[in-house]
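Everything below concerns the one structure shown next.
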Amino acid sequence: MKRCLTILDVMFIAIGHMIGAGIYVLTGSVVRNQAGPAIILSFIFSGFAALLSAFSYAEFGARFPRAGSAYTYSYVGMGEIWAFIVGWTVPLEYMIGNAAVARSWSGYFDSLVYKSVSNWTLEHVGHLSDGKGFFAKYPDFLAFVLLFIVAVAVAMGSKFSANVNTSFVVLNLAVLAFVIVCGFTYADFSLWSGNYPDGTSKFFPYGIQGAVSGASTCFFAYIGFEALATAGEEAKNPHRTIPLATFSSLAIISVLYVLMGASLTLMVPYDQIDPDAAFAAAFEMKGATVAKVIMSVGALAGMLNNLVTGAFALPRAVYAMADDGLIFGWFGVINSRTKTPLNATIAFTILNAILALVFDLEALVDFMSIGTLLAYSMVSVCVVILRHEPQLIDGSETEYDDGGNLKSWVPFRGFWHKFSEGISIRCAVGTLIFGYVCLALPFKLGIFSNPGGIILLIIGAVCSLIAFIFILGHEQNKSTATYKVPFVPFLPCLGLLINVFMMVYLNLMTWIRLFVWLAIGIVIYVCYGIRHSKEAKKLNTVASSHMSVLKNGDSKVH
């Protein structure tokens, strides 16, 4: 691929991928059904979780600037099978994200033309389902066509799509600034203070649990680091560009989300907010017609911008796996004219368009959140593991530092010395994740005051504490990377804790769908990936050369 993207290009890819359905559509749904005005806390919680993951992404993006993002980082930190599991969820994450945004764009446009599109489809095509399950109420042909139009723009080259994206981002930031200022002119702080007649808090109508549940859904709005990291192979000076672009984009987006959530919930009571077109409907209720029009144009442009960056990232995530031989090599072909993975773009755009045509938005968003949280969690895990593995000492080709060695105060050191290098730190991280799950389950199930819940909390606390202390008992390596996550293992482990809690809070059907998708992926890996993996071919070549040496030695003896 061609290295042609500047810091601004990469930063705007992330901002463009985060501004869109997350702020224009998801905000209304979360306020109305999950959090109420406490959505500003939901955005802060999910933004903090995203920041902790961003530290890890920034380090890996600087050290391993390849197109695969979380997949590549997992390959380096955990090995091929874990990399495949993460890599298999990343393209799905982008497909679902793109489909959700395309349906959001279509739904928003439909609401602006007084449901003309949906009414015409229902009248001439008919119902697809009752709208209460995984499938949509009617086939969304507008979203279907929109994805193909965006794919054409992205397929024309990285710099072209980056320029299109930058134009959209500048427009979006201007619109959001106008909406925030205009919204606060209608602010009514009585909507936040006191209680309703039934005793329910106005700020926490769904309780603090609603704010936490809203944070799990709002995490969808912060997805953008994956898009940014997939540009690592096309960024100029990625060792500096990726970390700077990561933190800049997250800071800008976090401030915008909190201000947008505050302006919306101070304008209109939470139970009167339209979940499909929240801001436009709120301005209409206040009689601000001009603001409604500007907001609507911004919303459509923002979601289109979101689609451009999603369509940019999707084929690059597929290309990385295909280039390593884990999925069909045809997807890893780079077009000689556009310098983009054109085959992957065509194939996955077709799949993407089918998803947008027939599936429901809410089901798509929940499924997407779990894939993102899984990828973010794995990257945090990999930072902890790689920081505690030996590194070559500068200037030496054979000497390693003491990274991963157990400190003198750690008990049972002799026991762990029996195992191969890296086993102890992996066991510690695995135990930590188990402890986190045990801590989260009682809160999710509402049984933290029951005997069973108390037992789970005790098991979770003990396992987490022992595992964390054991991690601290490992020496860190002396890596001289351009950017390194500070306060390891504290920050990655805290990020992992938050991600695990949010994953546990997702519903059971989302987990079932994830396991079905992973089962399909494992079948492909077993039947194709193992035999065609570049890493496996290297090992086979080495093994063959060793056998050849042994045979030659034997013949000389004979």
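Tabulated data for the structure shown
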{"quantity": "Structure-based [θ]222 nm, the chain - -39500 (n - 2.57) summed over DSSP H runs of at least 4, per residue, nearest 500", "calculated": "-23000 deg cm²/dmol"}
{"quantity": "Sequence-distant residues sharing a close amide H with Phe359 (under 5 Å, placed H)", "calculated": "Ala136"}
{"quantity": "Column: log10 I(q)/I(0), Debye, Cα scatterers of the chain, q = 0.12 Å⁻¹", "calculated": "-1.20"}
{"quantity": "Value of relative contact order over the range 7-381, rounded to a whole percent, pairs C-alpha under 8 Å and six or more apart", "calculated": "41"}
{"quantity": "Calculated log₁₀ intensity ratio I(q)/I(0) where the Debye formula runs over C-alpha points of the range 389-506, q = 0.09, 0.10, 0.16, 0.23 Å⁻¹", "calculated": "-0.33, -0.40, -0.84, -1.26"}
{"quantity": "Vicinal HN-Hα couplings computed from phi for the range 247-252 (Karplus, 6.51 cos²θ - 1.76 cosθ + 1.60; Hz; Gly/Pro x)", "calculated": "6, 5, 5, 5, 4, 5"}
{"quantity": "Protection-proxy order for peptides 292-304, 165-177, 450-462, each taking the mean of Cβ atoms within 10 Å per residue, highest first", "calculated": "292-304, 165-177, 450-462"}
{"quantity": "Packing rank of 86-99, 232-245, where each peptide gets the mean count of other beta carbons within 10 Å, highest leading", "calculated": "86-99, 232-245"}
{"quantity": "Karplus 3J(HN,Hα) series, Hz, for the range 317-331 with 6.51 cos²θ - 1.76 cosθ + 1.60 (x for Gly, Pro)", "calculated": "5, 5, 4, 4, 5, 5, 5, 8, x, 7, 10, 3, x, 4, 6"}
{"quantity": "Vicinal HN-Hα couplings computed from phi for the range 293-309 (Karplus, 6.51 cos²θ - 1.76 cosθ + 1.60; Hz; Gly/Pro x)", "calculated": "5, 4, 4, 5, 4, x, 4, 5, 5, x, 6, 5, 4, 4, 5, 4, 5"}
{"quantity": "Under-5 Å amide H pairs with Tyr400, H placed in peptide plane, nonlocal only", "calculated": "Ile393"}
{"quantity": "Heavy atoms of Arg413 accessible to a 1.4 Å probe, total area in Å² rounded to 10", "calculated": "80"}
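The values are calculated or read from the model by the stated rules, or taken from the named source; none is laboratory data. Please read all numbers here as calculations on a predicted model, not as lab measurements. We place every Cβ from the backbone using ideal geometry, glycine too, and count neighbours over all the protein chains shown. The accessibility values were calculated without ligands, DNA or RNA, using every heavy atom of the protein model including side chains. Shrake-Rupley method; radii C 1.70, N 1.55, O 1.52, S 1.80 Å.
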